[in-house]
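Notes for the one structure printed next.
The values are calculated or read from the model by the stated rules, or taken from the named source; none is laboratory data. In this text, all values refer to a predicted model and were calculated from it rather than measured experimentally. Here the Cβ positions follow ideal geometry from the backbone for every residue, glycine too, while neighbour counts run over all protein chains shown.
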Amino acid sequence: MQGLIYLYKTAAKNRILKALRRPVTYVYLVGGIAYVTMIASFLVQWAGRIGADTPEGLVTGLSLLVLFLMPSSFATYAKRKGIVFKPGDIHFVFTSPASPKLVLWFTQIKQYLLGFILYLTVSIVGILFFHIVPWKMFLYFVFSFIVENILEGSLVILLYGNEKLSENTLRWLARSLWCILGLLVLFGAFLIFTKELSFQLITDFLGHPFLLCIPVIGWNLAAIRLLLLGPTVVNVICSAAYIAAALLLLVCARRMKCTGEYYEDAVKFSDDYMETVKRKKSGDVVGPGPKARYRKASVTYKGGYARAIFYRQLLEYKKNKYFIFNLYTLFAFLGGLGIGYYCYKTGTPGSIKGYYVIPGVGAYLTLIFSGYATKWSKEMKNPYTYLIPDQPVRKLWYATAIEHVRSLIDGCLLAVPGVIIMGFSPLTAVLYILIYACLQANKLYINILGEVLLGDVLGAFGKQIFQMLFQGIIMCIGIAVCVVVTALTGVQGGLLGLLIYVLIATGAIATGGSIAFQRMEVL
(Lines give C-alpha, C1' and ligand atoms only; values in the text may rest on other atoms or scores of the structure.)
Protein backbone atom coordinates (compact mmCIF):
# COMPACT_ATOMS: atom_id res chain seq x y z
CA MET A 1 0.00 0.00 0.00
CA GLN A 2 2.85 2.39 0.79
CA GLY A 3 4.23 1.75 -2.68
CA LEU A 4 0.94 2.71 -4.33
CA ILE A 5 0.70 5.87 -2.24
CA TYR A 6 4.24 6.83 -3.26
CA LEU A 7 3.49 6.08 -6.93
CA TYR A 8 0.38 8.23 -7.15
CA LYS A 9 1.84 11.03 -5.02
CA THR A 10 4.98 11.18 -7.16
CA ALA A 11 3.00 11.02 -10.41
CA ALA A 12 0.74 13.87 -9.28
CA LYS A 13 3.73 15.99 -8.21
CA ASN A 14 5.55 15.42 -11.50
CA ARG A 15 2.42 16.24 -13.48
CA ILE A 16 1.98 19.52 -11.60
CA LEU A 17 5.64 20.50 -11.98
CA LYS A 18 5.54 19.70 -15.69
CA ALA A 19 2.41 21.80 -16.13
CA LEU A 20 3.92 24.75 -14.25
CA ARG A 21 6.89 24.79 -16.62
CA ARG A 22 4.59 25.25 -19.62
CA PRO A 23 3.48 28.87 -20.26
CA VAL A 24 0.23 27.63 -21.80
CA THR A 25 -0.81 26.31 -18.37
CA TYR A 26 -1.24 29.84 -17.07
CA VAL A 27 -3.29 30.75 -20.15
CA TYR A 28 -5.57 27.80 -19.44
CA LEU A 29 -5.75 28.75 -15.76
CA VAL A 30 -6.78 32.34 -16.42
CA GLY A 31 -9.22 31.30 -19.13
CA GLY A 32 -10.70 28.56 -16.96
CA ILE A 33 -11.22 30.89 -14.00
CA ALA A 34 -12.82 33.51 -16.25
CA TYR A 35 -15.07 30.91 -17.89
CA VAL A 36 -16.20 29.38 -14.58
CA THR A 37 -16.85 32.85 -13.15
CA MET A 38 -18.88 33.85 -16.19
CA ILE A 39 -20.95 30.65 -16.19
CA ALA A 40 -21.53 30.83 -12.42
CA SER A 41 -22.63 34.47 -12.67
CA PHE A 42 -24.99 33.65 -15.54
CA LEU A 43 -26.53 30.69 -13.71
CA VAL A 44 -27.04 32.68 -10.52
CA GLN A 45 -28.71 35.55 -12.41
CA TRP A 46 -30.83 33.13 -14.43
CA ALA A 47 -31.90 31.29 -11.28
CA GLY A 48 -32.87 34.61 -9.70
CA ARG A 49 -34.98 35.64 -12.71
CA ILE A 50 -37.01 32.43 -12.72
CA GLY A 51 -37.26 32.25 -8.94
CA ALA A 52 -34.98 29.21 -8.61
CA ASP A 53 -32.47 30.78 -6.17
CA THR A 54 -34.03 28.76 -3.34
CA PRO A 55 -33.25 25.42 -1.70
CA GLU A 56 -35.72 23.80 -4.10
CA GLY A 57 -33.78 25.23 -7.05
CA LEU A 58 -30.48 23.81 -5.79
CA VAL A 59 -32.09 20.43 -5.16
CA THR A 60 -33.43 20.46 -8.72
CA GLY A 61 -29.98 21.17 -10.15
CA LEU A 62 -28.29 18.50 -8.02
CA SER A 63 -30.97 15.96 -8.93
CA LEU A 64 -30.47 16.59 -12.63
CA LEU A 65 -26.72 16.16 -12.15
CA VAL A 66 -27.25 12.81 -10.39
CA LEU A 67 -29.57 11.57 -13.15
CA PHE A 68 -27.03 12.63 -15.77
CA LEU A 69 -23.97 11.00 -14.19
CA MET A 70 -24.99 8.05 -12.04
CA PRO A 71 -26.82 5.71 -14.49
CA SER A 72 -24.14 5.98 -17.19
CA SER A 73 -21.37 5.42 -14.62
CA PHE A 74 -23.03 2.30 -13.24
CA ALA A 75 -23.63 0.95 -16.76
CA THR A 76 -19.98 1.36 -17.72
CA TYR A 77 -18.87 -0.28 -14.48
CA ALA A 78 -21.18 -3.22 -15.18
CA LYS A 79 -19.41 -3.69 -18.53
CA ARG A 80 -16.03 -3.47 -16.75
CA LYS A 81 -15.35 -0.13 -18.38
CA GLY A 82 -15.20 3.39 -17.09
CA ILE A 83 -11.89 3.07 -15.22
CA VAL A 84 -8.87 3.79 -17.39
CA PHE A 85 -5.60 2.13 -16.46
CA LYS A 86 -2.65 3.92 -18.00
CA PRO A 87 0.30 1.98 -19.45
CA GLY A 88 2.28 2.76 -16.31
CA ASP A 89 -0.44 1.21 -14.14
CA ILE A 90 -0.49 -1.90 -16.32
CA HIS A 91 3.27 -2.43 -16.16
CA PHE A 92 3.93 -1.47 -12.55
CA VAL A 93 0.72 -1.62 -10.49
CA PHE A 94 -0.69 -4.87 -11.89
CA THR A 95 2.61 -6.64 -11.26
CA SER A 96 2.97 -5.29 -7.71
CA PRO A 97 2.13 -7.44 -4.66
CA ALA A 98 -0.81 -5.14 -3.85
CA SER A 99 -4.26 -6.68 -3.53
CA PRO A 100 -6.40 -6.46 -6.71
CA LYS A 101 -9.12 -4.78 -4.62
CA LEU A 102 -6.62 -2.20 -3.44
CA VAL A 103 -5.59 -1.53 -7.04
CA LEU A 104 -9.23 -0.82 -7.96
CA TRP A 105 -9.63 1.47 -4.98
CA PHE A 106 -6.51 3.47 -5.80
CA THR A 107 -7.60 3.99 -9.40
CA GLN A 108 -10.57 5.97 -8.08
CA ILE A 109 -8.45 8.45 -6.14
CA LYS A 110 -8.70 10.98 -8.98
CA GLN A 111 -12.49 10.71 -8.93
CA TYR A 112 -12.50 11.21 -5.16
CA LEU A 113 -10.45 14.39 -5.55
CA LEU A 114 -12.76 15.76 -8.25
CA GLY A 115 -15.75 14.81 -6.12
CA PHE A 116 -14.28 16.60 -3.12
CA ILE A 117 -13.84 19.80 -5.15
CA LEU A 118 -17.34 19.50 -6.66
CA TYR A 119 -19.13 18.90 -3.36
CA LEU A 120 -17.17 21.66 -1.61
CA THR A 121 -18.06 24.10 -4.40
CA VAL A 122 -21.73 23.11 -4.26
CA SER A 123 -21.74 23.58 -0.48
CA ILE A 124 -20.30 27.10 -0.75
CA VAL A 125 -22.69 28.04 -3.57
CA GLY A 126 -25.64 26.68 -1.60
CA ILE A 127 -24.79 28.87 1.39
CA LEU A 128 -24.03 32.06 -0.56
CA PHE A 129 -26.59 32.04 -3.37
CA PHE A 130 -29.37 29.59 -2.45
CA HIS A 131 -29.85 30.77 1.15
CA ILE A 132 -29.33 27.38 2.81
CA VAL A 133 -28.09 27.30 6.39
CA PRO A 134 -24.44 26.18 6.73
CA TRP A 135 -25.11 23.11 8.87
CA LYS A 136 -27.36 21.61 6.20
CA MET A 137 -24.74 22.12 3.51
CA PHE A 138 -22.13 20.62 5.83
CA LEU A 139 -24.28 17.51 6.26
CA TYR A 140 -24.76 17.37 2.49
CA PHE A 141 -21.00 17.59 1.92
CA VAL A 142 -20.23 14.83 4.45
CA PHE A 143 -23.00 12.59 3.14
CA SER A 144 -22.17 13.07 -0.54
CA PHE A 145 -18.42 12.69 -0.19
CA ILE A 146 -18.40 9.75 2.23
CA VAL A 147 -21.54 7.69 1.58
CA GLU A 148 -21.54 8.08 -2.22
CA ASN A 149 -17.85 7.20 -2.48
CA ILE A 150 -18.35 4.15 -0.25
CA LEU A 151 -21.24 2.98 -2.40
CA GLU A 152 -19.56 3.67 -5.73
CA GLY A 153 -16.19 2.25 -4.67
CA SER A 154 -17.81 -0.92 -3.34
CA LEU A 155 -19.85 -1.26 -6.52
CA VAL A 156 -16.72 -0.92 -8.66
CA ILE A 157 -14.98 -3.67 -6.70
CA LEU A 158 -18.03 -5.94 -6.91
CA LEU A 159 -18.50 -5.46 -10.65
CA TYR A 160 -14.84 -5.37 -11.71
CA GLY A 161 -13.48 -7.90 -9.27
CA ASN A 162 -16.37 -10.36 -9.20
CA GLU A 163 -15.15 -13.64 -10.66
CA LYS A 164 -18.43 -15.57 -10.38
CA LEU A 165 -20.64 -13.46 -12.62
CA SER A 166 -20.45 -14.36 -16.29
CA GLU A 167 -19.98 -11.80 -19.05
CA ASN A 168 -23.56 -12.39 -20.18
CA THR A 169 -24.85 -11.57 -16.67
CA LEU A 170 -22.81 -8.36 -16.55
CA ARG A 171 -24.06 -7.43 -20.01
CA TRP A 172 -27.69 -7.85 -18.95
CA LEU A 173 -27.02 -5.88 -15.78
CA ALA A 174 -25.73 -2.97 -17.87
CA ARG A 175 -28.78 -3.22 -20.14
CA SER A 176 -31.11 -3.19 -17.15
CA LEU A 177 -29.53 0.05 -15.95
CA TRP A 178 -30.10 1.64 -19.35
CA CYS A 179 -33.69 0.35 -19.27
CA ILE A 180 -34.20 2.13 -15.95
CA LEU A 181 -32.89 5.33 -17.53
CA GLY A 182 -35.26 4.79 -20.46
CA LEU A 183 -38.20 4.44 -18.07
CA LEU A 184 -37.22 7.73 -16.47
CA VAL A 185 -37.21 9.41 -19.87
CA LEU A 186 -40.64 7.97 -20.71
CA PHE A 187 -42.00 9.05 -17.34
CA GLY A 188 -40.66 12.57 -17.92
CA ALA A 189 -42.21 12.63 -21.41
CA PHE A 190 -45.54 11.54 -19.93
CA LEU A 191 -45.49 14.47 -17.49
CA ILE A 192 -44.55 16.90 -20.27
CA PHE A 193 -47.50 15.84 -22.43
CA THR A 194 -50.01 15.78 -19.56
CA LYS A 195 -49.05 18.94 -17.65
CA GLU A 196 -48.22 22.54 -18.47
CA LEU A 197 -44.61 23.08 -19.51
CA SER A 198 -42.84 25.08 -16.78
CA PHE A 199 -40.00 24.97 -14.27
CA GLN A 200 -42.43 23.57 -11.71
CA LEU A 201 -42.90 20.54 -13.97
CA ILE A 202 -39.20 19.68 -13.60
CA THR A 203 -39.47 20.04 -9.82
CA ASP A 204 -42.53 17.78 -9.73
CA PHE A 205 -40.76 15.16 -11.84
CA LEU A 206 -37.63 15.08 -9.67
CA GLY A 207 -39.68 14.91 -6.46
CA HIS A 208 -42.20 12.31 -7.61
CA PRO A 209 -42.39 9.26 -5.29
CA PHE A 210 -42.09 6.94 -8.29
CA LEU A 211 -38.69 8.40 -9.11
CA LEU A 212 -37.48 8.49 -5.51
CA CYS A 213 -38.29 4.80 -4.97
CA ILE A 214 -36.01 3.60 -7.78
CA PRO A 215 -33.15 1.64 -6.13
CA VAL A 216 -29.88 3.48 -5.56
CA ILE A 217 -30.47 6.29 -8.10
CA GLY A 218 -33.81 7.40 -6.68
CA TRP A 219 -32.65 6.77 -3.14
CA ASN A 220 -29.77 9.18 -3.73
CA LEU A 221 -32.23 11.86 -4.83
CA ALA A 222 -34.35 11.19 -1.74
CA ALA A 223 -31.32 11.65 0.51
CA ILE A 224 -30.53 15.01 -1.10
CA ARG A 225 -34.11 16.16 -0.56
CA LEU A 226 -34.04 14.96 3.04
CA LEU A 227 -30.87 16.91 3.85
CA LEU A 228 -31.77 20.16 2.08
CA LEU A 229 -35.58 20.32 2.14
CA GLY A 230 -36.57 18.39 5.23
CA PRO A 231 -38.08 14.99 6.06
CA THR A 232 -41.05 13.28 4.47
CA VAL A 233 -42.10 9.66 4.78
CA VAL A 234 -40.71 8.77 1.35
CA ASN A 235 -37.47 10.73 1.86
CA VAL A 236 -36.71 9.12 5.21
CA ILE A 237 -37.41 5.56 4.05
CA CYS A 238 -35.47 5.90 0.79
CA SER A 239 -32.54 7.66 2.48
CA ALA A 240 -32.29 4.87 5.04
CA ALA A 241 -32.39 2.36 2.20
CA TYR A 242 -29.57 4.23 0.44
CA ILE A 243 -27.32 4.18 3.52
CA ALA A 244 -28.14 0.51 4.13
CA ALA A 245 -27.30 -0.29 0.49
CA ALA A 246 -23.93 1.47 0.81
CA LEU A 247 -23.06 -0.47 3.98
CA LEU A 248 -24.25 -3.76 2.49
CA LEU A 249 -22.18 -3.26 -0.66
CA LEU A 250 -19.16 -2.38 1.49
CA VAL A 251 -19.48 -5.61 3.48
CA CYS A 252 -19.95 -7.67 0.31
CA ALA A 253 -16.93 -6.01 -1.33
CA ARG A 254 -14.73 -6.77 1.69
CA ARG A 255 -15.80 -10.42 1.84
CA MET A 256 -15.72 -11.09 -1.91
CA LYS A 257 -12.83 -13.12 -3.25
CA CYS A 258 -10.81 -11.34 -5.95
CA THR A 259 -7.64 -12.75 -7.50
CA GLY A 260 -7.22 -10.21 -10.31
CA GLU A 261 -8.98 -11.86 -13.23
CA TYR A 262 -10.25 -8.44 -14.26
CA TYR A 263 -6.70 -7.44 -15.25
CA GLU A 264 -7.16 -8.87 -18.74
CA ASP A 265 -10.38 -6.91 -19.37
CA ALA A 266 -8.80 -3.78 -17.90
CA VAL A 267 -5.77 -4.04 -20.19
CA LYS A 268 -8.00 -4.54 -23.24
CA PHE A 269 -10.20 -1.56 -22.37
CA SER A 270 -7.13 0.59 -21.71
CA ASP A 271 -5.68 -0.29 -25.11
CA ASP A 272 -9.01 0.41 -26.83
CA TYR A 273 -9.35 3.70 -24.99
CA MET A 274 -5.87 4.90 -25.95
CA GLU A 275 -6.51 3.88 -29.56
CA THR A 276 -9.79 5.80 -29.52
CA VAL A 277 -8.05 8.93 -28.21
CA LYS A 278 -5.39 8.59 -30.90
CA ARG A 279 -7.97 8.21 -33.67
CA LYS A 280 -9.96 11.19 -32.40
CA LYS A 281 -6.86 13.36 -32.53
CA SER A 282 -6.29 12.26 -36.12
CA GLY A 283 -9.79 13.36 -37.12
CA ASP A 284 -11.82 10.15 -36.96
CA VAL A 285 -15.23 10.28 -35.34
CA VAL A 286 -15.16 7.29 -33.01
CA GLY A 287 -16.52 6.25 -29.67
CA PRO A 288 -16.25 3.48 -27.12
CA GLY A 289 -17.57 0.06 -28.01
CA PRO A 290 -16.92 -2.44 -30.77
CA LYS A 291 -14.91 -1.37 -33.77
CA ALA A 292 -16.86 -0.11 -36.75
CA ARG A 293 -17.48 -2.47 -39.64
CA TYR A 294 -17.11 -1.13 -43.15
CA ARG A 295 -19.04 -2.14 -46.24
CA LYS A 296 -17.79 -2.60 -49.76
CA ALA A 297 -18.32 0.53 -51.82
CA SER A 298 -17.24 2.18 -55.03
CA VAL A 299 -17.44 5.64 -56.53
CA THR A 300 -17.07 7.10 -60.01
CA TYR A 301 -14.57 9.93 -60.11
CA LYS A 302 -15.71 12.90 -62.20
CA GLY A 303 -13.52 15.89 -62.93
CA GLY A 304 -9.99 16.36 -61.71
CA TYR A 305 -7.64 18.28 -59.48
CA ALA A 306 -9.15 19.16 -56.08
CA ARG A 307 -12.37 17.27 -56.83
CA ALA A 308 -10.45 14.07 -56.08
CA ILE A 309 -10.58 15.03 -52.40
CA PHE A 310 -14.37 15.14 -52.51
CA TYR A 311 -14.73 11.74 -54.19
CA ARG A 312 -12.21 10.13 -51.85
CA GLN A 313 -14.27 11.31 -48.88
CA LEU A 314 -17.48 10.18 -50.56
CA LEU A 315 -16.02 6.70 -50.96
CA GLU A 316 -15.02 6.63 -47.29
CA TYR A 317 -18.49 7.70 -46.18
CA LYS A 318 -20.20 5.13 -48.41
CA LYS A 319 -18.31 2.42 -46.55
CA ASN A 320 -19.90 3.53 -43.28
CA LYS A 321 -23.05 1.85 -42.05
CA TYR A 322 -25.00 5.10 -41.76
CA PHE A 323 -23.32 6.96 -44.66
CA ILE A 324 -22.86 10.64 -43.68
CA PHE A 325 -25.29 10.49 -40.76
CA ASN A 326 -24.31 10.18 -37.11
CA LEU A 327 -25.63 10.84 -33.62
CA TYR A 328 -25.64 14.58 -34.26
CA THR A 329 -28.24 14.00 -36.99
CA LEU A 330 -30.53 12.45 -34.38
CA PHE A 331 -29.94 15.43 -32.09
CA ALA A 332 -30.96 17.77 -34.91
CA PHE A 333 -34.18 15.83 -35.54
CA LEU A 334 -35.10 15.64 -31.85
CA GLY A 335 -34.24 19.32 -31.53
CA GLY A 336 -36.64 20.15 -34.36
CA LEU A 337 -39.47 18.21 -32.73
CA GLY A 338 -38.72 19.76 -29.37
CA ILE A 339 -38.73 23.28 -30.82
CA GLY A 340 -42.08 22.76 -32.50
CA TYR A 341 -43.67 21.28 -29.40
CA TYR A 342 -42.29 24.01 -27.14
CA CYS A 343 -43.57 26.84 -29.33
CA TYR A 344 -46.94 25.13 -29.76
CA LYS A 345 -47.27 24.55 -26.01
CA THR A 346 -46.20 28.06 -24.98
CA GLY A 347 -48.18 29.84 -27.69
CA THR A 348 -45.28 31.69 -29.33
CA PRO A 349 -45.69 30.76 -33.05
CA GLY A 350 -46.78 34.21 -34.21
CA SER A 351 -44.46 36.31 -32.05
CA ILE A 352 -41.00 37.60 -32.92
CA LYS A 353 -39.64 35.33 -30.20
CA GLY A 354 -41.10 32.30 -31.97
CA TYR A 355 -39.31 33.18 -35.21
CA TYR A 356 -35.89 33.13 -33.55
CA VAL A 357 -36.25 29.93 -31.51
CA ILE A 358 -35.00 27.71 -34.35
CA PRO A 359 -31.91 29.82 -35.22
CA GLY A 360 -31.12 30.09 -31.50
CA VAL A 361 -31.19 26.34 -30.95
CA GLY A 362 -29.16 25.78 -34.13
CA ALA A 363 -26.52 28.27 -32.99
CA TYR A 364 -26.37 26.63 -29.57
CA LEU A 365 -25.88 23.14 -31.02
CA THR A 366 -23.21 24.48 -33.36
CA LEU A 367 -21.36 26.13 -30.49
CA ILE A 368 -21.37 23.24 -28.01
CA PHE A 369 -20.19 20.82 -30.68
CA SER A 370 -17.38 23.13 -31.86
CA GLY A 371 -14.62 20.93 -30.44
CA TYR A 372 -15.67 17.75 -32.22
CA ALA A 373 -13.47 16.52 -35.06
CA THR A 374 -14.86 15.27 -38.38
CA LYS A 375 -13.42 13.20 -41.20
CA TRP A 376 -12.45 16.14 -43.40
CA SER A 377 -9.77 17.31 -40.93
CA LYS A 378 -7.60 14.33 -41.93
CA GLU A 379 -7.08 15.91 -45.36
CA MET A 380 -4.64 18.43 -43.90
CA LYS A 381 -2.41 15.56 -42.75
CA ASN A 382 -2.37 13.73 -46.10
CA PRO A 383 0.70 14.67 -48.20
CA TYR A 384 -1.13 14.10 -51.49
CA THR A 385 -3.47 17.01 -50.68
CA TYR A 386 -0.58 19.45 -51.09
CA LEU A 387 0.65 17.81 -54.30
CA ILE A 388 -2.61 18.46 -56.16
CA PRO A 389 -1.97 21.34 -58.61
CA ASP A 390 -5.00 23.42 -57.68
CA GLN A 391 -5.84 26.57 -55.76
CA PRO A 392 -5.90 26.33 -51.94
CA VAL A 393 -9.44 27.73 -51.82
CA ARG A 394 -10.71 24.95 -54.12
CA LYS A 395 -8.94 22.34 -52.00
CA LEU A 396 -10.61 23.75 -48.92
CA TRP A 397 -14.01 23.76 -50.58
CA TYR A 398 -13.88 20.17 -51.81
CA ALA A 399 -12.39 18.97 -48.50
CA THR A 400 -15.44 20.32 -46.64
CA ALA A 401 -18.13 19.87 -49.32
CA ILE A 402 -19.63 16.72 -47.78
CA GLU A 403 -19.79 18.43 -44.41
CA HIS A 404 -21.83 21.21 -46.02
CA VAL A 405 -24.24 18.64 -47.47
CA ARG A 406 -24.62 17.03 -44.07
CA SER A 407 -25.21 20.46 -42.52
CA LEU A 408 -28.02 21.12 -45.00
CA ILE A 409 -29.64 17.79 -44.12
CA ASP A 410 -29.29 18.43 -40.39
CA GLY A 411 -30.66 21.93 -40.92
CA CYS A 412 -33.74 20.48 -42.61
CA LEU A 413 -34.30 18.06 -39.74
CA LEU A 414 -33.90 20.87 -37.23
CA ALA A 415 -36.04 23.49 -38.96
CA VAL A 416 -38.77 21.72 -40.96
CA PRO A 417 -40.72 20.10 -38.06
CA GLY A 418 -40.84 23.40 -36.19
CA VAL A 419 -41.75 25.38 -39.31
CA ILE A 420 -44.65 23.02 -40.08
CA ILE A 421 -45.99 23.04 -36.52
CA MET A 422 -45.70 26.84 -36.21
CA GLY A 423 -47.06 27.51 -39.70
CA PHE A 424 -44.15 29.58 -41.02
CA SER A 425 -43.66 30.26 -44.74
CA PRO A 426 -41.38 28.13 -46.98
CA LEU A 427 -39.08 31.15 -47.40
CA THR A 428 -38.55 31.25 -43.64
CA ALA A 429 -37.67 27.55 -43.65
CA VAL A 430 -35.10 28.11 -46.42
CA LEU A 431 -33.53 30.97 -44.48
CA TYR A 432 -33.34 28.81 -41.35
CA ILE A 433 -31.62 25.98 -43.21
CA LEU A 434 -29.12 28.26 -44.95
CA ILE A 435 -28.28 30.10 -41.71
CA TYR A 436 -27.65 26.80 -39.94
CA ALA A 437 -25.49 25.48 -42.81
CA CYS A 438 -23.47 28.72 -42.82
CA LEU A 439 -22.91 28.49 -39.06
CA GLN A 440 -21.63 24.93 -39.48
CA ALA A 441 -19.35 26.05 -42.34
CA ASN A 442 -18.15 28.88 -40.14
CA LYS A 443 -17.23 26.33 -37.48
CA LEU A 444 -15.22 24.25 -39.96
CA TYR A 445 -13.25 27.18 -41.30
CA ILE A 446 -12.52 28.55 -37.82
CA ASN A 447 -11.08 25.11 -37.08
CA ILE A 448 -8.70 25.45 -40.02
CA LEU A 449 -7.83 29.05 -39.15
CA GLY A 450 -6.95 27.88 -35.64
CA GLU A 451 -4.56 25.31 -37.10
CA VAL A 452 -2.87 28.03 -39.15
CA LEU A 453 -2.61 30.64 -36.39
CA LEU A 454 -1.93 28.45 -33.35
CA GLY A 455 -0.32 25.27 -34.66
CA ASP A 456 0.68 23.21 -31.61
CA VAL A 457 1.35 26.17 -29.31
CA LEU A 458 -1.79 25.70 -27.19
CA GLY A 459 -2.41 22.02 -27.86
CA ALA A 460 -5.69 20.40 -28.92
CA PHE A 461 -7.67 21.72 -25.94
CA GLY A 462 -6.40 25.26 -26.47
CA LYS A 463 -7.44 25.19 -30.12
CA GLN A 464 -10.91 24.00 -29.14
CA ILE A 465 -11.24 26.91 -26.70
CA PHE A 466 -10.04 29.30 -29.44
CA GLN A 467 -12.63 27.91 -31.85
CA MET A 468 -15.49 28.23 -29.36
CA LEU A 469 -14.52 31.78 -28.34
CA PHE A 470 -14.02 32.92 -31.94
CA GLN A 471 -17.34 31.51 -33.05
CA GLY A 472 -19.04 32.88 -29.94
CA ILE A 473 -17.84 36.38 -30.86
CA ILE A 474 -19.11 35.98 -34.42
CA MET A 475 -22.50 34.82 -33.12
CA CYS A 476 -22.76 37.78 -30.74
CA ILE A 477 -22.10 40.21 -33.60
CA GLY A 478 -24.64 38.31 -35.70
CA ILE A 479 -27.27 38.69 -32.97
CA ALA A 480 -26.66 42.45 -32.88
CA VAL A 481 -26.96 42.68 -36.67
CA CYS A 482 -30.14 40.62 -36.64
CA VAL A 483 -31.76 42.75 -33.92
CA VAL A 484 -31.01 46.01 -35.76
CA VAL A 485 -32.20 44.76 -39.16
CA THR A 486 -35.32 43.20 -37.64
CA ALA A 487 -36.21 46.50 -35.98
CA LEU A 488 -35.84 48.30 -39.33
CA THR A 489 -37.33 45.83 -41.83
CA GLY A 490 -39.13 43.05 -39.94
CA VAL A 491 -38.47 39.39 -39.22
CA GLN A 492 -37.80 38.25 -42.80
CA GLY A 493 -35.35 41.08 -43.33
CA GLY A 494 -33.65 40.29 -40.03
CA LEU A 495 -33.15 36.65 -41.01
CA LEU A 496 -31.86 37.68 -44.44
CA GLY A 497 -29.47 40.19 -42.86
CA LEU A 498 -28.20 37.52 -40.47
CA LEU A 499 -27.64 35.15 -43.40
CA ILE A 500 -25.69 37.76 -45.39
CA TYR A 501 -23.53 38.61 -42.37
CA VAL A 502 -22.71 34.95 -41.66
CA LEU A 503 -21.90 34.38 -45.35
CA ILE A 504 -19.46 37.31 -45.39
CA ALA A 505 -17.81 36.24 -42.13
CA THR A 506 -17.54 32.63 -43.31
CA GLY A 507 -16.02 33.68 -46.64
CA ALA A 508 -13.41 35.85 -44.93
CA ILE A 509 -12.45 33.08 -42.50
CA ALA A 510 -12.32 30.51 -45.31
CA THR A 511 -9.97 32.74 -47.31
CA GLY A 512 -7.62 33.04 -44.36
CA GLY A 513 -7.84 29.36 -43.50
CA SER A 514 -7.13 28.24 -47.07
CA ILE A 515 -3.45 28.99 -46.39
CA ALA A 516 -3.41 25.64 -44.58
CA PHE A 517 -3.87 23.90 -47.95
CA GLN A 518 -1.09 25.82 -49.66
CA ARG A 519 1.84 23.92 -48.21
CA MET A 520 2.20 21.34 -45.47
CA GLU A 521 4.79 23.38 -43.55
CA VAL A 522 2.11 25.92 -42.57
CA LEU A 523 0.83 23.41 -40.02
Pick from TYR28, TYR35: which is out of contact with any Pro (no Cβ under 6 Å at 6 or more places or on another chain), of a type outside the set (D, E, K, R), surrounded by 16 or more Cβ atoms within 10 Å (Cβ to Cβ) and outside the structural domain of HIS208 (by TED's automatic domain parsing)? TYR28
Quick check: anything in the range 348-355 crowded, with 16+ Cβ neighbours inside 10 Å and modelled with pLDDT of 75 or more? yes
Looking at the range 371-388, which of the residues that are out of contact with any Phe, Trp or Tyr (no Cβ under 9 Å at 6 or more places or on another chain) and buried (at least 18 other Cβ atoms within 10 Å of the Cβ) is modelled with the lowest pLDDT? ALA373
Unmet criterion (only one of (1) modelled with pLDDT under 80; (2) touching a Pro at 6+ places or on another chain (Cβ under 6 Å); (3) of a type outside the set (Val, Ile, Thr)) for PHE187: (2)
Listed by first then second residue, the pairs whose first member lies in the range 83-100 and is within 20 Å of LEU158 (Cα to Cα), whose partner is modelled with pLDDT of 75 or more and exposed (fewer than 14 other Cβ atoms within 10 Å of the Cβ), with beta carbons under 7 Å and at least 6 positions apart or on separate chains, are PRO100/THR259
Test: GLY411 is crowded, with 21+ Cβ neighbours inside 10 Å and either assigned to a helix (DSSP H, G or I) or at pLDDT below 85 (or both): yes
From LEU458, LEU453, LEU431, residue being modelled with pLDDT of 80 or more and either not basic (Lys, Arg) or not assigned by TED's automatic domain parsing to the domain that holds TYR342 (or both): LEU431
